[in-house]
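Working notes for the structure below.
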Amino acid sequence: MKFTSISQSNIDELCIAFESCLTKHDIAFKYVDMTEDNGIISFIFCDDPENARSVDMESERFIGLDTDYIAKEILEPILPKLKEFAQYKIID
């Protein structure tokens with residue numbers, strides 16, 4: 001899906017793409033969410049609410065791009081760090 005505007009439905013779709021990207025790399029968190037505030041999108045993830053982390057990005061940069069592409073470009077460079085934070089592993 002293309003990220004066409006800063007709307008709740010597009011942010012929800014982007015969150016799904018982020019979760020899918022993590023799943024492809026055998027990473028899962030007990031809690032994930034995506035919020036938007038003043039043009040900044042935050043992808044929030046944690047296993048323990050006391051240690052929640054987020055990845056923040058400017059939403060304007062993503063208009064017109066595919067949500068799966070956005071997830072890949074943002075998450076793949078930080079996969080080693082994400083694996084450190086993930087305690088809830090996917091077991092096939």
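For the reader, a short list of remarks on this structure follows.
- Residue within the stretch 59-74 that is loosely packed, with under 13 Cβ neighbours inside 10 Å, under 14 Å from the mean Cα position of the chain (by Cα) and without any contact (Cβ under 8 Å) to a residue 24 or more places away in the chain present: no
- Helices (runs of 4 or more DSSP H) within the chain that include 1 or more residues of a type outside the set (Phe, Trp, Tyr) and touching a Leu at 6+ places or on another chain (Cβ under 6 Å): 8-24, 67-75
- The stretch 20-36, residues that are open to solvent by less than 30 Å² (accessible area, probe 1.4 Å) and more than 18 Å from Gln8 (Cβ to Cβ): Cys21, Leu22, Ile27, Ala28, Phe29
- Members of the stretch 3-17 found to be in contact with a Gly (Cβ under 8 Å, 6 or more places away or on another chain) and closer than 15 Å to Asp37 by Cβ, listed by number: Ile6
- Candidate set from the stretch 37-47 (those that are surrounded by 12 or more Cβ atoms within 10 Å (Cβ to Cβ) and not hydroxyl-bearing (Ser, Thr, Tyr)); member that is nearest to Cys15 (Cα to Cα): Phe43
The values are calculated or read from the model by the stated rules, or taken from the named source; none is laboratory data. Just so it is clear, the structure is predicted and the values come from calculations on it, not from any experiment. All Cβ positions, even for glycine, are placed from backbone atoms using ideal geometry, and neighbour counts span all protein chains on display. All accessible areas refer to the heavy atoms of the entire protein, side chains included, with ligands and DNA or RNA removed. Shrake-Rupley method; radii C 1.70, N 1.55, O 1.52, S 1.80 Å.
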